[in-house]
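Here the structure comes first, spelled out in structure tokens, and everything after it is commentary.
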Amino acid sequence: MKTTVVGGYPKILEDQLLRKTLWEIDREGGKANGKLEEAVQKVTRSAIREQEEAGLDIVSDGAIRWEDEITASLRGMEGMEFTGLIRYFDTNVLYRQPVVTRPVKLKIPALAADYSFAVKNAKRPVKAIMTGPFTIAKASRDEYYQNGEKFVLAFAEALRGEREALERAGAKKIQINEPFLLSAPEEFELFRKGFRTLAEGARAELELFFSFGDFSKVFPKIMDVCVWRVGFDLGTARNPERILKDKVWKGRKLLAGVIDARNTRLETKEELHGRLKAALACVASQDLEVAPSANLEFLPLDRCRAKLKNLVKLTRDFKEVV
Amino acid sequence: MRPVSECLPTTSVGSFPKPEELKTARTRFTRGQIKKDELTRLEKKATEFWIRKQEELDIDLVVDGEMYRGDMATYFAENVGGCEISGLVRSYGNRYYKKPIVTGPLKFKGAITVEWFKFAQGLTDRPVIGMFTGPYTMMDWSFIEYYKTREEAAMAWAEVLHEEAAALERAGAQYIQIDEPAVSVRPEEMDLAVRAMEVVVEGLKAKTITHICYGAFEKIYPKVLEIPVDRIDLEMSNSGLDLLEHMKRNPFTKELGLGVVDVHSHKLESKDEVKKRIRDVMKYVPAERLWVDPDCGLKTRTVDEAIEKMRVVSEAAREVRKELKVKGKVCRS
Ligand SMILES: [Zn+2]
């Protein structure tokens with residue numbers, strides 16, 4: 001059983017260096033310069049170190065460069081503008097909505113550089129994280145394709161380019177977040193096509209992760225779509241115990257969101273151990289990864305640290321008991 | 001008190017940008033480099049600045065500009081019992097706020113906004129809006145550790161905020177705005193938002209307003225009309241005017257606060273653009289029930305940008321009012 005994360009880390013590390021640098025740039029008329037890159041790197045190193053010090057087995061780059069969950073995976077693409085602010089699910093977080101006005105194309109892959117930088121600065125294994133084509137399409141406005149399927153597939157092809165670049169950079173694990181599927185489970189076929197396009201020829205282990213909704217809406221059919229690892233937030237799924245008792249998990253790999261990344265309250269030992277037990281109903285221990293339920297940026301830094309420590313400690317306790 | 005225009009009165013949503021001087025002072029205050037009185041003096045000075053600006057721009061119903069507030073949730077959470085303030089949490093871009101944590105039963109500890117309301121109202125003969133953040137939003141924007149359910153937490157906030165509303169009314173507020181930017185988020189919780197608001201406004205004689213933004217209004221419309229307030233203020237320029245289609249089918253039965261300038265963009269809307277927006281909406285909501293204002297609080301703009309955006313609001317409304325008069329409509333302004 002391994003501990004990991006499913007998203008970013010609070011960006012206010014290093015005494016709010018990144019925040020202050022962005023202020024400075026804004027004051028100086030918006031010219032990004034070497035200072036920004038330096039700040040991003042310093043904060044990224046710090047985010048990696050904190051995850052390692054907390055004791056996580058697999059870390060992320062902290063998604064320090066990510067403005068939000070939607071536009072971050074589009075940085076290397078063209079064909080869109082970013083417009084009005086929209087709320088990301090039921091969170092207090094907003095993102096700028098992409099409006100596609102021209103063909104979507106990957107110009108220069110953007111995620112691989114962050115991945116390589118993280119690997120260089122990490123002692124533990126690093127996984128890459130990206131947002132999936134279905135979610136990106138659902139969060140965006142289509143003013144070009146005028147066709148739901150073409151729209152999803154355009155993003156899927158561009159993201160495949162990102163995936164291939166990550167693999168070339170050595171990524172062995174790539175997590176793909178598709179939260180919007182849980183809000184539109186009736187469009188499962190469209191999602192499947194998007195994922196198939198993105199996954200075509202994959203060499204890395206692809207992990208599909210679902211949060212911000214009820215995973216039971218797409219279970220068990222999701223298990224046929226992704227042959228690598230499937231994950232979900234146990235906290236928002238209806239009856240997660242029943243899901244995890246399903247025989248379809250036999251021999252499969254699970255990424256379980258067992259810590260609530262959206263509330264400051266620390267999980268008790270009973271709660272967490274209950275979830276670990278549920279997760280191990282059909283999944284073998286070596287095939288289980290446990291993590292917070294979402295991006296850790298939803299938490300203030302001190303609570304994020306406390307939650308990760310709690311996750312690692314209680315997971316270790318559990319291993320000893322079992 | 002100076003009466004407001006009979007048609008297309010102008011107002012604003014709440015916040016204005018803090019002048020540089022005040023921003024610096026706030027930083028210095030948190031570092032312990034200046035005293036509270038010095039900060040308060042500058043907050044008052046900035047409040048007066050914005051009151052005068054709104055008078056100059058001939059805004060009918062004015063706001064204090066929230067010079068004393070850091071944000072919409074923390075300020076209230078700091079001043080009630082049962083709440084702790086957490087570290088910084090990012091909302092978007094480079095914007096962060098200190099998200100409250102409800103760790104115990106919520107308790108009213110005394111009026112939070114009344115002193116500022118009285119100060120602002122004392123500066124002008126135009127009505128000033130008393131305003132605070134609503135119970136549903138306070139619940140949604142806090143970490144809830146103490147209460148078992150979101151409902152319990154929202155209703156507890158409602159009890160506390162009812163006291164605030166009553167205190168504002170006693171202090172002379174004729175307009176009370178209860179901001180609920182979060183209600184557009186979970187359509188399935190609209191009933192809860194309505195019930196919580198019922199508790200807040202119970203027995204009030206003042207005109208009540210609620211401001212809602214960043215949402216998929218189509219998902220909460222026309223249900224949103226059940227919120228027991230006189231006016232609903234909507235962000236309508238940022239999200240396009242899609243809502244009009246819905247108003248065609250389900251008439252907007254309350255007063256509408258019509259957001260006509262985008263507060264998240266440096267770009268200044270042209271007067272013609274804004275006039276067109278007003279005229280478009282007048283097909284669905286008559287001018288007597290239509291208030292014209294920016295989409296949301298202007299605090300993220302520079303002082304100059306905010307003034308120019310307010311000027312467009314004011315001038316566009318005035319010109320459309322003139323057009324109405326030409327058409328023979330009685331419309332004092
Ligand atoms: Zn707003």
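Since every read-out is calculated from the coordinates, none of them should be taken as a lab result. Here the structure is a predicted model, which is why all the values come from computation and not from measurement. Neighbour counts are summed over all protein chains in view; Cβ atoms, including those assigned to glycine, are modelled from backbone coordinates with ideal geometry.
Identify, among B:Y175, B:W141, B:I85, the residue whose Cα sits farthest towards the positive end of the charge dipole of the range B:81-234, taking +1 on the Cβ of Lys and Arg and -1 on the Cβ of Asp and Glu, with the dipole about the Cα centre.
Most positive-ward Cα: B:I85.
Rg to Rh ratio, the range A:126-221, alpha-carbon atoms and Kirkwood radius?
We get a ratio of 0.96 for the range A:126-221.
Could you give the size of the charge dipole of the protein assembly as shown about its Cα centre, using +1 on the Cβ of each K and R and -1 on the Cβ of each D and E, expressed in debye and rounded to the nearest 20?
Magnitude of the dipole: close to 1080 debye.
Taking a label point 7 Å from the Cα of A:R27 along the Cα→Cβ vector, which residues of the range A:34-48 have an amide N closer than 16 Å to it?
Once the point is set 7 Å along Cα→Cβ of A:R27, A:35-36 turn out to lie under 16 Å by backbone N, inside the range A:34-48.
Binning every alpha carbon pair distance of the range B:96-239 at 5 Å from zero, what are the percents per bin?
With 5 Å bins starting at 0, P(r) equals 2, 10, 19, 21, 20, 15, 9, 3, 0, 0.
What's the FRET efficiency of A:K120 with A:K20 using the Cβ-Cβ distance as r and R₀ = 30 Å, to the nearest 0.05? Mind showing how you got there, number by number?
On the way: r = 25 Å, r/R0 = 0.83.
Efficiency for this residue pair is about 0.75.
Dipole size in debye (nearest 20) for chain B around its Cα centre, Lys and Arg Cβ +1, Asp and Glu Cβ -1? Show your work: numbers first, answer last.
On the way: 54 positive and 55 negative charges, 140 e Å.
Dipole about the Cα centre, nearest 20: 680 debye.
Given R₀ = 35 Å, FRET efficiency for B:D191-A:E271 by Cβ-Cβ distance, to 0.05?
0.75
Which residues make up the longest stretch of chain A that has no trypsin sites (Lys or Arg not before Pro) in a DSSP loop with at most 10 other Cβ atoms within 10 Å? Before the final figure, lay out the partial values.
Values: sites that count: A:K31, A:K123, A:K250.
For trypsin sites (Lys or Arg not before Pro) (loop position, at most 10 other Cβ atoms within 10 Å), the longest site-free span of chain A is A:124-249.
Tally the DSSP beta bridges in the range B:35-177 and give the antiparallel ones as a percent, rounded to 5.
Numbers: 9 of 15 bridges.
The antiparallel proportion sits near 60 percent.
Using a cut-off of 19 Å between alpha-carbon atoms, which lysines can reach B:K299, once sequence neighbours fewer than 8 places away in the same chain are excluded?
Result set, ordered by chain and number: A:K20, B:K18, B:K23, B:K44, B:K45, B:K53, B:K98, B:K99, B:K267, B:K309.
Mind checking which aspartates and glutamates have their Cα closer than 16 Å to the Cα of B:K107? Skip sequence neighbours fewer than 8 apart in that chain.
B:E78, B:E84, B:E145, B:E152, B:E159, B:E163, B:E164
Using helices alone, I'd like the mean residue ellipticity at 222 nm for the protein assembly as shown: each DSSP H run of four-plus residues gives -39500 (n - 2.57), total over residue count, nearest 500.
Taking each H run of at least 4 residues, the total per residue is -12500 deg cm²/dmol.
Out of B:L22, B:I232, A:T21, whose Cα points farthest toward the positive end of the dipole of the protein assembly as shown (charges: +1 Lys, Arg; -1 Asp, Glu; placed on Cβ)?
So the residue furthest toward the plus end is A:T21.
Using a 10 angstrom cutoff on alpha carbons, build the Gaussian network for chain A and name the most mobile of A:D233, A:D214, A:D246.
For chain A, modelled as a Gaussian network with Cα springs under 10 Å, the answer is A:D246.
Counting only pairs 8 or more residues apart or on different chains, how many lysine pairs in the range A:218-289 have their Cα atoms under 22 Å apart?
Lysine pair count for the range A:218-289: 11.
Run down the lysines and flag those whose C-alpha is under 18 Å from the C-alpha of A:K120, throwing out any fewer than 8 positions away in its chain.
Qualifying lysines at Cα under 18 Å: A:K42, A:K172, A:K173.
Among A:W249, A:Q286, B:I307, which residue has its Cα positioned farthest towards the positive end of the charge dipole of the protein assembly as shown, with +1 placed on the Cβ of Lys and Arg, -1 on the Cβ of Asp and Glu, and the dipole taken about the Cα centre?
Checked the options; the winner is A:Q286.
I need to check one value: relative contact order of chain B, counting alpha carbon pairs closer than 8 Å and at least 6 residues apart, in percent.
20
Pop a pseudo-label 7 angstrom from the Cα along the beta-carbon direction at both B:T253 and B:E20 and give the gap in nm to one decimal.
5.2
Taking every pair of alpha-carbon atoms in the protein assembly as shown, give the share separated by more than 47 Å as a whole percent.
Result: 18 percent of Cα pairs exceed 47 Å.
Taking amide H positions as placed 1.01 Å from N in the peptide plane, with prolines and chain starts having none, which residues 5 or more places from A:A110, or on another chain, fall under 5 Å of its amide H?
The answer is A:G76.
Counting just the Cα atoms, what span does chain B cover along each of its three principal axes? Round to the nearest Å and put the largest first.
On the principal axes, chain B reaches 58, 44, 40 Å in Cα extent.
Taking only the alpha-carbon positions of chain A and ignoring solvent, what does the Debye formula give for the base-10 log of I(q)/I(0) at q = 0.09 Å⁻¹?
Values, matching the q order: -0.44.
Expressed in nm², what is the orientationally averaged projection area of the convex hull enclosing the Cα positions of the range B:1-148?
One quarter of the hull surface, i.e. the mean projection, equals 10.6 nm².
What is the spin-label model distance, in nm, from B:K223 to A:S216 if the labels are put 7 Å beyond Cα along the C-beta direction?
Result: 2.1 nm between the two label points.
By the scheme Lys and Arg +1, Asp and Glu -1, what is the net charge of all other residues having a beta-carbon under 13 Å from that of B:G82?
Once positives and negatives cancel, what remains is -3.
Rule-of-thumb check for the range A:197-276: C-alpha Rg over 2.2 N^0.38 Å?
1.17
Tell me, B:H246, B:H211, B:H162, A:H273 in order of fewest to most beta-carbon neighbours within 10 Å?
Working: B:H246 14, B:H211 27, B:H162 21, A:H273 18.
Final ranking by Cβ density, sparse to dense: B:H246, A:H273, B:H162, B:H211.
Quote the relative contact order of chain A in percent (integer), defining contacts as alpha-carbon pairs under 8 Å separated by 6+ residues.
Relative contact order comes out at 19 percent.
Can you tell me how much longer the chain between A:L36 and A:V99 gets when fully stretched, taken as 0.36 nm per residue apart minus their C-alpha distance, in nm with one decimal?
Contour length minus the Cα-Cα distance gives 20.0 nm.
Using DSSP to call loops (not H, G, I, E or B), can you name the trypsin sites (Lys or Arg not before Pro) in the range B:125-233 whose Cβ has at most 10 other Cβ atoms within 10 angstrom?
Sparse-neighbourhood loop trypsin sites (Lys or Arg not before Pro): B:K148, B:K205.
So how far apart, in nm, are the two label points at B:E78 and A:S183 if each is 7 Å from Cα heading toward Cβ?
About 3.3 nm, to one decimal.
List the GluC sites (Glu not before Pro) within the range A:46-110 that DSSP assigns to loop and that have no more than 10 neighbouring Cβ atoms inside 10 Å.
Listed in order of number, the matching sites amount to none.
Report, for the protein assembly as shown, the % of DSSP beta bridges that are antiparallel, rounded to 5.
In the protein assembly as shown, DSSP labels about 25 percent of beta bridges as antiparallel.
Set the Förster radius R0 to 22 Å, insert the Cβ-Cβ distance between B:R150 and B:T103 as r into 1/(1 + (r/R0)^6), and round the FRET efficiency to 0.05.
Values: r = 16 Å, r/R0 = 0.73.
With R0 = 22 Å, the Cβ-Cβ based efficiency is 0.85.
Only sites in a loop by DSSP and with at most 14 other Cβ atoms within 10 Å count here; which trypsin sites (Lys or Arg not before Pro) in the range B:6-105 make the cut?
B:R31, B:K35
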